[in-house]
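Structure record follows, encoded as C-alpha coordinates.
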Amino acid sequence: MTRKTSRVVVLFLLIVPTVVWALDHDNLDPNRPIAIEDAYVVPKGEIGVEGGILFSDRKRGDSRLVFQPQLIIGAFNNTQLELSSDVSTDPRSVVGDDKSGNLTVGALYNFNTETLSLPAFAARVQLGFPTGVNAKGVDTAVTGVMTRSFGQWRTHLNVGYTFLGSPQGQERTGTYRVVAAVSYPLGYPTSFRDTIIANVFTRQSDLMGQRNPTGIGIGLRHQVSSRIVADIGIGSELFGPADRSVFFSTIGLSVGF
(Lines give C-alpha, C1' and ligand atoms only; values in the text may rest on other atoms or scores of the structure.)
Protein backbone atom coordinates (compact mmCIF):
# COMPACT_ATOMS: atom_id res chain seq x y z
CA MET A 1 0.00 0.00 0.00
CA THR A 2 1.44 3.37 -0.98
CA ARG A 3 1.88 6.29 1.38
CA LYS A 4 -0.94 8.20 -0.36
CA THR A 5 -3.32 5.24 -0.03
CA SER A 6 -2.42 4.88 3.66
CA ARG A 7 -3.43 8.50 4.26
CA VAL A 8 -6.85 7.84 2.64
CA VAL A 9 -7.48 4.82 4.91
CA VAL A 10 -6.40 6.74 8.02
CA LEU A 11 -8.78 9.59 7.10
CA PHE A 12 -11.75 7.21 7.05
CA LEU A 13 -10.73 5.58 10.33
CA LEU A 14 -10.65 9.00 11.98
CA ILE A 15 -14.06 9.95 10.60
CA VAL A 16 -15.98 6.78 11.57
CA PRO A 17 -16.27 7.33 15.38
CA THR A 18 -18.01 10.72 14.91
CA VAL A 19 -20.90 9.50 12.73
CA VAL A 20 -24.61 9.68 13.64
CA TRP A 21 -27.11 8.14 11.19
CA ALA A 22 -30.39 6.25 11.14
CA LEU A 23 -30.18 3.85 8.20
CA ASP A 24 -32.81 2.58 5.75
CA HIS A 25 -32.35 -0.71 3.87
CA ASP A 26 -34.59 0.58 1.06
CA ASN A 27 -32.26 3.51 0.28
CA LEU A 28 -29.98 2.25 -2.51
CA ASP A 29 -26.41 3.54 -2.73
CA PRO A 30 -23.80 2.66 -5.40
CA ASN A 31 -22.10 -0.73 -4.77
CA ARG A 32 -24.22 -1.42 -1.68
CA PRO A 33 -24.42 -4.19 -2.67
CA ILE A 34 -24.55 -3.87 -6.49
CA ALA A 35 -24.10 -1.07 -9.02
CA ILE A 36 -27.31 0.96 -8.74
CA GLU A 37 -28.63 3.88 -6.73
CA ASP A 38 -32.05 5.47 -6.30
CA ALA A 39 -32.96 9.12 -6.76
CA TYR A 40 -33.31 9.95 -3.06
CA VAL A 41 -30.78 11.51 -0.67
CA VAL A 42 -30.30 11.34 3.10
CA PRO A 43 -32.13 14.08 5.04
CA LYS A 44 -30.36 17.33 5.89
CA GLY A 45 -28.16 16.98 8.98
CA GLU A 46 -27.74 13.19 8.81
CA ILE A 47 -24.30 11.62 8.42
CA GLY A 48 -23.31 8.03 7.75
CA VAL A 49 -20.50 5.63 6.95
CA GLU A 50 -20.68 2.66 4.62
CA GLY A 51 -18.02 0.09 3.83
CA GLY A 52 -17.70 -3.14 1.91
CA ILE A 53 -15.38 -5.73 0.44
CA LEU A 54 -15.61 -6.60 -3.26
CA PHE A 55 -14.14 -9.90 -4.53
CA SER A 56 -13.52 -10.09 -8.27
CA ASP A 57 -12.55 -13.34 -10.02
CA ARG A 58 -11.21 -12.25 -13.38
CA LYS A 59 -11.14 -14.44 -16.50
CA ARG A 60 -7.55 -13.41 -17.10
CA GLY A 61 -5.23 -12.13 -14.40
CA ASP A 62 -5.22 -12.44 -10.63
CA SER A 63 -8.34 -12.26 -8.50
CA ARG A 64 -8.78 -8.98 -6.68
CA LEU A 65 -10.14 -7.74 -3.34
CA VAL A 66 -11.28 -4.13 -3.09
CA PHE A 67 -12.08 -2.26 0.13
CA GLN A 68 -14.78 0.40 -0.44
CA PRO A 69 -15.23 2.97 2.38
CA GLN A 70 -17.64 5.88 2.00
CA LEU A 71 -18.79 8.86 4.06
CA ILE A 72 -22.22 10.41 3.29
CA ILE A 73 -23.44 13.76 4.62
CA GLY A 74 -26.91 15.30 4.30
CA ALA A 75 -25.43 18.75 3.83
CA PHE A 76 -28.45 20.68 2.49
CA ASN A 77 -32.09 20.11 1.61
CA ASN A 78 -32.26 17.58 -1.25
CA THR A 79 -28.44 17.36 -1.38
CA GLN A 80 -25.97 14.83 -0.01
CA LEU A 81 -22.19 15.10 -0.15
CA GLU A 82 -19.93 12.06 -0.31
CA LEU A 83 -16.30 11.13 0.31
CA SER A 84 -15.14 7.72 -0.90
CA SER A 85 -12.24 5.60 -2.11
CA ASP A 86 -11.44 2.11 -3.41
CA VAL A 87 -8.32 0.30 -2.18
CA SER A 88 -7.34 -2.76 -4.23
CA THR A 89 -5.05 -5.70 -3.48
CA ASP A 90 -3.77 -5.54 -7.08
CA PRO A 91 -3.51 -1.75 -7.51
CA ARG A 92 -1.14 -1.51 -10.46
CA SER A 93 -3.47 -3.48 -12.74
CA VAL A 94 -6.35 -1.02 -12.30
CA VAL A 95 -7.14 1.02 -15.43
CA GLY A 96 -9.60 3.81 -16.13
CA ASP A 97 -10.84 6.38 -13.62
CA ASP A 98 -11.11 4.11 -10.57
CA LYS A 99 -7.42 3.93 -9.61
CA SER A 100 -6.73 2.22 -6.27
CA GLY A 101 -6.44 4.83 -3.53
CA ASN A 102 -8.02 7.71 -5.45
CA LEU A 103 -10.01 10.06 -3.22
CA THR A 104 -13.45 10.81 -4.70
CA VAL A 105 -15.65 13.75 -3.68
CA GLY A 106 -19.23 13.76 -4.93
CA ALA A 107 -22.66 15.34 -4.60
CA LEU A 108 -26.12 13.89 -5.31
CA TYR A 109 -29.02 16.31 -5.80
CA ASN A 110 -32.65 15.20 -5.79
CA PHE A 111 -34.91 17.29 -8.06
CA ASN A 112 -38.30 15.96 -6.99
CA THR A 113 -40.31 13.39 -5.09
CA GLU A 114 -42.06 10.79 -7.23
CA THR A 115 -45.73 11.42 -8.06
CA LEU A 116 -48.39 9.32 -9.79
CA SER A 117 -47.35 10.77 -13.16
CA LEU A 118 -43.69 11.68 -12.67
CA PRO A 119 -40.68 9.57 -11.62
CA ALA A 120 -38.14 10.86 -9.10
CA PHE A 121 -35.03 12.35 -10.70
CA ALA A 122 -31.58 13.13 -9.34
CA ALA A 123 -28.15 14.12 -10.64
CA ARG A 124 -24.71 13.18 -9.38
CA VAL A 125 -21.37 14.93 -9.93
CA GLN A 126 -18.07 13.39 -8.79
CA LEU A 127 -14.44 14.46 -8.83
CA GLY A 128 -11.73 11.80 -8.54
CA PHE A 129 -8.41 13.19 -7.27
CA PRO A 130 -5.13 11.43 -8.24
CA THR A 131 -4.11 10.27 -4.76
CA GLY A 132 -3.92 6.62 -5.84
CA VAL A 133 -1.51 4.26 -7.54
CA ASN A 134 -0.43 5.34 -11.06
CA ALA A 135 -3.06 8.11 -11.02
CA LYS A 136 -2.75 11.38 -12.93
CA GLY A 137 -5.19 14.21 -13.46
CA VAL A 138 -8.61 14.90 -11.96
CA ASP A 139 -11.43 12.72 -13.32
CA THR A 140 -15.01 14.03 -13.56
CA ALA A 141 -18.16 11.88 -13.59
CA VAL A 142 -21.76 12.97 -14.14
CA THR A 143 -24.76 10.65 -13.67
CA GLY A 144 -28.50 10.97 -14.15
CA VAL A 145 -30.67 8.91 -11.79
CA MET A 146 -34.35 7.96 -12.11
CA THR A 147 -36.61 5.99 -9.74
CA ARG A 148 -40.16 4.90 -10.56
CA SER A 149 -42.50 2.78 -8.38
CA PHE A 150 -45.12 0.26 -9.49
CA GLY A 151 -46.87 -0.89 -6.35
CA GLN A 152 -44.16 -2.30 -4.09
CA TRP A 153 -41.78 -2.74 -7.03
CA ARG A 154 -39.31 0.07 -7.63
CA THR A 155 -37.43 0.51 -10.90
CA HIS A 156 -34.18 2.45 -11.25
CA LEU A 157 -32.10 3.77 -14.12
CA ASN A 158 -28.58 5.26 -13.88
CA VAL A 159 -26.91 6.78 -16.96
CA GLY A 160 -23.48 8.34 -16.57
CA TYR A 161 -20.33 9.51 -18.29
CA THR A 162 -16.78 9.84 -16.92
CA PHE A 163 -14.17 12.23 -18.32
CA LEU A 164 -10.57 11.19 -17.59
CA GLY A 165 -8.35 14.10 -16.68
CA SER A 166 -5.14 12.47 -17.92
CA PRO A 167 -5.63 9.16 -19.80
CA GLN A 168 -2.57 6.93 -19.95
CA GLY A 169 -1.51 4.48 -22.64
CA GLN A 170 -4.58 2.96 -24.31
CA GLU A 171 -7.08 4.40 -21.80
CA ARG A 172 -10.08 6.18 -23.30
CA THR A 173 -10.57 9.90 -22.68
CA GLY A 174 -14.08 9.13 -21.42
CA THR A 175 -16.46 6.23 -20.84
CA TYR A 176 -20.25 5.87 -20.53
CA ARG A 177 -22.21 3.48 -18.32
CA VAL A 178 -25.87 2.41 -18.11
CA VAL A 179 -27.45 0.45 -15.24
CA ALA A 180 -31.09 -0.61 -14.89
CA ALA A 181 -32.51 -2.36 -11.83
CA VAL A 182 -35.61 -3.41 -9.91
CA SER A 183 -35.97 -3.67 -6.14
CA TYR A 184 -38.64 -5.25 -3.95
CA PRO A 185 -39.25 -5.49 -0.16
CA LEU A 186 -39.11 -9.19 0.72
CA GLY A 187 -41.76 -10.35 3.20
CA TYR A 188 -44.14 -7.48 2.45
CA PRO A 189 -46.66 -6.79 4.01
CA THR A 190 -45.72 -8.71 7.18
CA SER A 191 -42.00 -7.89 7.24
CA PHE A 192 -40.09 -4.71 6.41
CA ARG A 193 -36.47 -5.71 7.02
CA ASP A 194 -35.18 -6.84 3.62
CA THR A 195 -34.90 -5.45 0.11
CA ILE A 196 -33.80 -7.54 -2.88
CA ILE A 197 -32.27 -5.83 -5.93
CA ALA A 198 -31.44 -7.15 -9.41
CA ASN A 199 -29.67 -5.21 -12.16
CA VAL A 200 -28.33 -5.37 -15.69
CA PHE A 201 -25.47 -3.13 -16.72
CA THR A 202 -23.10 -2.19 -19.50
CA ARG A 203 -20.23 0.26 -19.56
CA GLN A 204 -17.70 1.33 -22.12
CA SER A 205 -14.39 -0.47 -21.77
CA ASP A 206 -11.57 1.45 -20.07
CA LEU A 207 -9.13 0.62 -22.88
CA MET A 208 -9.65 1.37 -26.56
CA GLY A 209 -10.40 -1.58 -28.85
CA GLN A 210 -12.06 -3.74 -26.18
CA ARG A 211 -15.66 -4.93 -25.78
CA ASN A 212 -17.97 -3.33 -23.24
CA PRO A 213 -18.18 -5.16 -19.90
CA THR A 214 -21.84 -6.19 -19.75
CA GLY A 215 -23.53 -8.31 -17.09
CA ILE A 216 -26.02 -8.88 -14.31
CA GLY A 217 -26.12 -8.71 -10.52
CA ILE A 218 -28.40 -9.53 -7.60
CA GLY A 219 -28.17 -8.31 -4.03
CA LEU A 220 -29.89 -8.16 -0.65
CA ARG A 221 -30.00 -5.37 1.95
CA HIS A 222 -31.03 -6.42 5.48
CA GLN A 223 -32.12 -4.04 8.25
CA VAL A 224 -30.26 -5.32 11.34
CA SER A 225 -31.39 -2.38 13.48
CA SER A 226 -32.36 1.26 12.99
CA ARG A 227 -28.65 2.11 12.74
CA ILE A 228 -27.22 -0.97 11.01
CA VAL A 229 -27.83 -2.31 7.50
CA ALA A 230 -25.96 -5.35 6.12
CA ASP A 231 -25.73 -6.12 2.41
CA ILE A 232 -24.53 -8.91 0.16
CA GLY A 233 -24.45 -9.27 -3.61
CA ILE A 234 -23.16 -11.41 -6.48
CA GLY A 235 -22.91 -10.97 -10.22
CA SER A 236 -21.01 -11.59 -13.43
CA GLU A 237 -19.69 -9.66 -16.41
CA LEU A 238 -21.11 -12.01 -19.04
CA PHE A 239 -19.45 -10.21 -21.94
CA GLY A 240 -16.46 -7.93 -22.23
CA PRO A 241 -12.66 -7.86 -22.43
CA ALA A 242 -10.42 -10.81 -21.71
CA ASP A 243 -9.80 -9.69 -18.09
CA ARG A 244 -13.50 -9.15 -17.23
CA SER A 245 -14.92 -10.33 -13.90
CA VAL A 246 -16.58 -13.67 -14.60
CA PHE A 247 -17.76 -13.66 -10.97
CA PHE A 248 -17.88 -10.95 -8.36
CA SER A 249 -19.33 -10.73 -4.89
CA THR A 250 -19.72 -7.99 -2.30
CA ILE A 251 -20.40 -7.91 1.40
CA GLY A 252 -20.83 -4.72 3.35
CA LEU A 253 -22.11 -2.94 6.41
CA SER A 254 -23.60 0.52 6.96
CA VAL A 255 -23.45 1.69 10.57
CA GLY A 256 -24.69 4.76 12.43
CA PHE A 257 -23.19 5.84 15.74
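The values are calculated or read from the model by the stated rules, or taken from the named source; none is laboratory data. None of these values were measured; they are calculated from a predicted model. In this analysis, Cβ positions are derived from the backbone assuming ideal geometry, glycine residues included, and neighbour counts consider all displayed protein chains. For accessibility, only protein heavy atoms count, side chains too; no ligands or nucleic acids. Shrake-Rupley method; radii C 1.70, N 1.55, O 1.52, S 1.80 Å.
Between D24, D98, the distinction of being more than 12 Å from the chain's Cα centre (by Cα) and either over 24 Å from D206 (Cα atoms) or surrounded by fewer than 21 Cβ atoms within 10 Å (Cβ to Cβ) (or both) belongs to D24 only.
Scanning the range 45-89 for residues that are part of a loop (DSSP other than H, G, I, E, B) and open to solvent by 40 Å² or more (accessible area, probe 1.4 Å) gives G45, E46, K59, R60, G61, D62, S63, N77, N78, T89. Here Y109 clears all of (1) crowded, with 21+ Cβ neighbours inside 10 Å; (2) in a strand (DSSP E or B); (3) in contact (Cβ under 8 Å) with a residue 40 or more places away in the chain except the condition numbered (1). Exactly one residue out of V142, V133 is β-branched (V, I, T) and open to solvent by less than 30 Å² (accessible area, probe 1.4 Å), and it is V133.
Residue-wise test of (1) in contact with a strand residue (DSSP E or B) (Cβ under 6 Å, 6 or more places away or on another chain); (2) at pLDDT below 65; (3) within 15 Å of G252 (Cβ to Cβ).
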position	(1), (2), (3)
V9	no, yes, no
F12	yes, yes, yes
D26	yes, no, no
D29	no, no, yes
V42	yes, no, no
G51	yes, no, yes
L54	yes, no, yes
L71	yes, no, yes
N77	no, no, no
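Taking the range 149-202 as the range and being within 23 Å of A230 (Cβ to Cβ) and among the hydroxyl-bearing types (S, T, Y) as the test, the residues that pass are S183, Y184, Y188, T190, S191, T195. Of the residues making up the range 225-243, those that are closer than 24 Å to H156 by Cα and over 17 Å from the mean Cα position of the chain (by Cα) are I228, L238, F239, G240. In this structure, is G169 open to solvent by 30 Å² or more (accessible area, probe 1.4 Å), of a type in the set (G, A, S) and closer than 23 Å to L253 by Cβ? No.
For every residue, the table says whether it meets (1) farther than 15 Å from N158 by Cβ; (2) surrounded by 16 or more Cβ atoms within 10 Å (Cβ to Cβ); (3) in contact with a strand residue (DSSP E or B) (Cβ under 7 Å, 6 or more places away or on another chain).
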position	(1), (2), (3)
A180	no, yes, yes
P185	yes, yes, yes
Y188	yes, no, no
D194	yes, yes, yes
A198	no, yes, yes
F201	no, yes, yes
S205	yes, yes, no
M208	yes, no, no
G219	no, yes, yes
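Of all residues in the range 178-213, those that are among the charged types (D, E, K, R) and without any contact (Cβ under 8 Å) to a residue 40 or more places away in the chain total 2. Against the list (1) without any contact (Cβ under 8 Å) to a residue 40 or more places away in the chain; (2) more than 22 Å from H156 (Cβ to Cβ); (3) assigned to a strand (DSSP E or B), the condition V246 fails is (1).
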